[in-house]
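Input: a single structure, listed below in structure tokens.
The values are calculated or read from the model by the stated rules, or taken from the named source; none is laboratory data. Model, not experiment: these values are computed from the prediction. When we count neighbours, we look across all protein chains shown, and the Cβ atoms used for this are built from the backbone with ideal geometry, even at glycine. Note: areas computed on protein heavy atoms with side chains; ligands, DNA, RNA excluded. Shrake-Rupley method; radii C 1.70, N 1.55, O 1.52, S 1.80 Å.
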Amino acid sequence: MTIEARTPKLALGPVLYYWPKEKLLDFYEQIAASPVDIVYLGETICSKRRALNTEEWLALAERLSAAGKEVVLSTMALLEAESELKALHRWCENGRFTVEANDMGAVRLLSVRGASFVLGTGINVYNDRTLRFLAGLGAKRWVMPVELSAETLAAMQAERPAGVETEVFVYGRLPLAYSARCFTARHHDLPKDDCRFRCLDYPEGLTVSTREGQAFLALNGIQTQSAQTCNLLRELAELRQLKVDVLRVSPQAEGTEAVLDAFAACLRGERDPDQAARTLNATLPHGACDGYWQGQPGLRQVTETA
Amino acid sequence: MSILSTPSKPLELVCPAGNLPSLKTAVDHGADSVYIGFRNDTNARHFPGLNFDAKTASQGVQYAHAKGRRVFVALNTFPQPSGWERWQRAVDQAADLGVDAVIAADISVLDYARRRHPDLPLHLSVQGSATNYEAIRFYHEHFGIRRVVLPRVLSLPQVRHVLENSPVGLEVFGFGGLCIMVEGRCLLSSYVTGESPNMCGVCSPAKAVRWEETPRGLETRLGGLLIDRHAPGEPAGYPTLCKGRFTVADQTYYAIEEPTSLNTLELLPELQDMGIAAIKIEGRQRSPAYVTQVTKVWRAAIDACRRNAAAYAPKPEWLRELGKVSEGRQTTLGAYHRTWQ
């Protein structure tokens, strides 16, 4: 006998790359018509990237909201300069949309305002006690750190505070690390302060391979991502059984709509997750991975792909 | 305050100790404080054969206190639900030992320590990733932290700005292995090996390392991935994931960071002038000989800088001594110097 679980909502994480304004707006026009329920918006990696200014982001948020999406504004993952804190204030005090905190400074600004907020992948919630503490300050949803396993999630869900939603990163290149150094500028032998916006040339980052040609990382400005694409579509039954409330897809330069369609169709029971996952995985330049979910090295693909 | 004036409070020298001999030599050679960890995954240097059990920890605290020095215990990993009791026990044990501070990162650990042992001073670990004063205020308001260890990502002007707005004193890294990523927010190690600093207290763990002599040279692997290949005679360092040579768009180079150590000896006058509370030396995993060498040099440097900051300059013999124990035999100012970023 299975326990009937509510159908998880589908979310689109913030675009982690630097895309030109036109591409970004085109992308979100398609998202407005996609089956996604929640859209996270904002530049979270580098404050020098200014595809949209604050007003334009907020206008985009209104546009998506009018299209029936729940919009959440995401904050920067690494805050160093005073100008970045000022921008953070504007985001946290927008008065209209929920904010996803990706740094404890953002958690402070949101909690002192009495706002409810989302804990992004940048906040280290590794246990139920930490989650309960932050729920007491206004956290209404948390995104599980990507290195945690299904087994740890099960323990977390058993002790989850009332009223807090759980979101899992189910598709995309994994956010693995942040640095003061810009690796894209470094690749071009340019100083960070004069980077000439080279990230614009790499809509999905720069692939890092070993000298044996094994791709394993992607450089995205100050962020390091996995080269492999995490795909947990096959784990849909387990995600439902664990009562996960929200499934996050992280945008890629190509094919994001197809990913959202596949997840939505599988959630409705119209497609078989195994088969849909195989179709998606066949398009990936460096393959899929699900190791973290299985409690193994993150880059592994553990579930059979026969 | 001018760079020529004498600061009211001397810079505190905080040295690493992976075992009792290291703790004793750090104290004997002028450490003001020594930081240690227990023998499990409650700290970020959970290496085989390293760290303190109940007996050596007690001996270490007695030794340091008898000479008027302080001992901090690092409990700076992130407990998962199944392991919580270990962190709880570790906090209790640190309090029972009478240590001078616990260095923690996870909210559950800070919260427990604050409620159960209100008199136990708390420092926010570098693993807590507080890079801005709003984050520091968060930890101060909720857990009464008395000091924060800054991640190695800020330039000197940024450090100064954080300090001017911080409710607590700052401890900064002065010397040792260099994390290129924001500490507490790097999962590279678990991506390749399954174990990370946050979850397991290890980075690029030794059990995942392989060294292989091949016709192409000495190859170092981590979790099966080729991290580096060294020509005959070329010095080969430990294959820390972020310090390998990789290929990006047909160029093969140290794509993330060179094997190098942080060394800020030349920044001492500025750090002293801005009112930094403490300088931290990295390296609990290193030998007592390393601890002796580095403690001696930094003690001499801090004293010389305090006597006369205007005339201070790192002595060539200091740099030589530190160079001998540096990773890759080269040093950098790291993020403190903007061009490195």
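Which three extents, in whole angstrom, do the alpha-carbon atoms of the stretch B:36-168 cover along their principal axes, largest first?
Principal extents (Cα only, largest first): 43, 39, 30 Å.
Using a 1.4 Å probe on the protein heavy atoms only, what accessible surface does B:W318 show? Give it in Å² to the nearest 10.
Number for this one is 20 Å².
Keeping all protein chains in the complex and leaving out DNA, RNA and ligands, what accessible area do you get for A:R96 with a 1.4 Å probe, in Å² to the nearest 10?
Using a 1.4 Å probe on the heavy atoms, I get roughly 130 Å².
Post the alpha-carbon centroid distance, the stretch A:9-45 to the stretch A:209-279, in whole angstrom.
First find each Cα centre; the distance between them is then 16 Å.
Among the listed pairs A:K86/B:K280; B:K55/B:K280; B:K24/B:K55, which are separated by more than 19 Å between their Cα atoms?
A:K86/B:K280; B:K55/B:K280
How big, in percent, is the set of alpha carbon pairs in the protein assembly as shown lying more than 40 Å apart?
I get 26 percent for the Cα pairs in the protein assembly as shown exceeding 40 Å.
Give me the accessible area per residue for the protein assembly as shown, probe 1.4 Å, as a whole number in Å².
For the protein assembly as shown, the per-residue accessible area is 37 Å².
Against the empirical 2.2 N^0.38 Å scaling, what ratio does the C-alpha Rg of the stretch B:233-278 come to?
Expressed relative to 2.2 N^0.38 Å, the Cα Rg reads 1.75.
Among B:G283, B:G60, B:G49, which one moves the most in a GNM of chain B with springs linking Cα atoms closer than 10 Å?
For chain B, modelled as a Gaussian network with Cα springs under 10 Å, the answer is B:G49.
Check cross-link reach from A:K48 to the aspartates and glutamates: straight Cα distance under 14 Å, and skip same-chain residues fewer than eight apart.
Qualifying aspartates and glutamates at Cα under 14 Å: A:E80, A:E82, A:E84, A:D193, A:D194.
Among B:L170, B:L271, B:L218, determine the one that fluctuates most according to a GNM of chain B built with springs between C-alpha atoms less than 10 Å apart.
Of the options given, B:L218 has the highest mean-square fluctuation.
What does the accessible area of B:Y139 come to, in Å² to the nearest 10, when a probe of 1.4 Å is used?
Its accessible surface works out to 10 Å², give or take rounding.
Quick one: which residues, 5 or more positions from B:T332 or on another chain, have an amide H under 5 Å from its amide H? H modelled 1.01 Å from N in the peptide plane, none for Pro or chain starts.
Here B:S261, B:L262, B:N263 satisfy the definition.
Quick one: net charge around B:G223, please, counting Lys, Arg +1 and Asp, Glu -1 for every other residue with C-beta under 11 Å from its C-beta.
+3
If I compute solvent accessible area with a 1.4 Å probe over the protein chains, what percent of it on the protein assembly as shown is carbon and sulfur?
Taking all protein chains in place, the protein assembly as shown shows 49 percent carbon and sulfur surface.
Considering protein heavy atoms only and a 1.4 Å probe radius, which residues within the stretch A:211-252 exhibit an accessible-area decrease of no less than 30 Å² in the full assembly relative to the chain by itself?
A:R211, A:E212, A:F216, A:L217, A:L219
Please list, or write none, the aspartates and glutamates whose alpha carbon is within less than 19 Å of the alpha carbon of B:K315, excluding same-chain residues fewer than 8 places away.
Once the sequence-local aspartates and glutamates are set aside, what remains near B:K315 is B:E266, B:E270, B:D303.
P(r) for the stretch B:188-253, please, calculated from all Cα pair distances in 10 Å bins and given in %.
Computed distribution, short to long bins: 22, 48, 26, 4.
Could you quote the convex hull projected area for chain B, Cα atoms only and averaged over all directions, in nm²?
If you wrap the Cα atoms of chain B in a convex hull and average its projections, you get 17.8 nm².
Leaving out same-chain residues fewer than 8 places away, which aspartates and glutamates sit with a Cα under 15 Å from that of A:K243?
Excluding near neighbours in sequence, the set is A:E4, A:E151, A:E159, A:E165, A:E167, A:E235.
Give me the net charge for the shell around B:P21: Cβ to Cβ below 15 angstrom, other residues only, Lys and Arg +1, Asp and Glu -1.
Around B:P21, the surrounding residues sum to +2.
Return the equivalent ellipsoid semi-axes of the stretch A:173-306 as a descending list in whole Å, where each equals the square root of 5 times an eigenvalue of the C-alpha gyration tensor.
Whole-Å semi-axes of the equivalent ellipsoid: 31, 16, 14.
Enumerate the amide H contacts of B:I103 below 5 Å, restricted to partners 5 or more residues apart or on another chain; note that Pro and chain-start residues carry no placed amide H.
B:V73, B:A74, B:L75, B:H123
Over both sides of the A-B contact, add up the buried accessible area with a 1.4 Å probe and give it to the nearest 100 Å².
For chain A against chain B, roughly 5700 Å² becomes buried.
Can you give the mean number of other chain Cβ atoms that lie within 10 Å of the Cβ atoms in peptide B:160-169?
1
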